[in-house]
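Below is one structure, written out as C-alpha cells; the observations come after it.
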C-alpha cells in the first residue's frame, strides 16, 4: 500500500483550487493536480506492508495526541514553488493561518514514524497544497510571473482530523482513499 499522512481540504474549496489552476492553463509543461483531492501532506510514507497497518495506526493516533493540537481554523493562499524559481518542479499554495498547528502535527507524525523505521524527511516542512507539477520548462516564465505577481486567497477550513491516506496510481493519475481518520481533540 502506498501511504501518506494528510490534512484534506474540503470539497467546497475545490472550485477555488480549480480557478487558481486555470490561471496557469497557458503554461506548457505543467500538469495540474485534481482539485477534488487537494491536501496537505504531513508525511509521505511510501510503500507499506499491510501487516504494519495496526502498529502504524496506533502510532499515528499517539502522534496526533502528542501534538496537542485542538481543532483549528486554517486559511489558505499565496503561491510558491519547489525547489526554486529557477528550477521549478512543484507549484503550490500555502497557509496564511494554521501553519504552526500543521507544523506541530507534522513534527509529531515525523517523530513517531521515524521511530518505526520510516525514512526521515530530508527537507524542512512547509505546509502547502500542490497545484501542479512541472514536467518540462516550456511554461516556466509564465509560472515565474504568476508566482511573483499573484497573492491569491483560496479559502478557509476547520481542521479537525488527520488522515492516513492510500494513493493508488492509475493511468488517469493517483486516486486517494482514506484508510483511517484521527480526530483532533
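Neighbour counting of Cβ atoms within 10 Å sorts the residues 181, 6, 16, fewest neighbours leading, into 181, 16, 6. In a GNM of the chain with a 10 Å cut-off on Cα contacts, which of 39, 123, 106 has the highest mean-square fluctuation? Highest fluctuation among the options: 123. Tell me the angle of helix 99-115 to the major Cα principal axis of the chain, expressed in degrees between 0 and 90 and rounded to the nearest ten. Computed tilt is about 50 degrees. Relative to the longest principal axis of the Cα atoms of the chain, the long axis of helix 53-67 lies at roughly 80 degrees. Our helix-only sum for the chain, with -39,500 (n - 2.57) per DSSP H run of n ≥ 4 divided by its residues, gives a mean residue ellipticity at 222 nm of -8500 deg cm²/dmol. Test of understanding: in a Gaussian network model of the chain with alpha carbons linked when under 10 Å, which of 71, 35, 127 would top the mean-square fluctuation ranking? In this elastic network of the chain, the residue with the biggest mean-square fluctuation among 71, 35, 127 is 71.
GNM on the chain, alpha-carbon springs under 10 angstrom: the most fluctuating residue among 172, 124, 111 is 172.
Spatial offset of the range 17-89 relative to the range 108-144 amounts to 8 Å, using the alpha carbon center of each.
Just so you know, all these numbers are worked out from the coordinates, no wet-lab data involved. What you see is a predicted model; the values in this text were computed from it and never measured. Neighbour counts run over all protein chains shown; Cβ positions are idealised from the backbone, glycine included.
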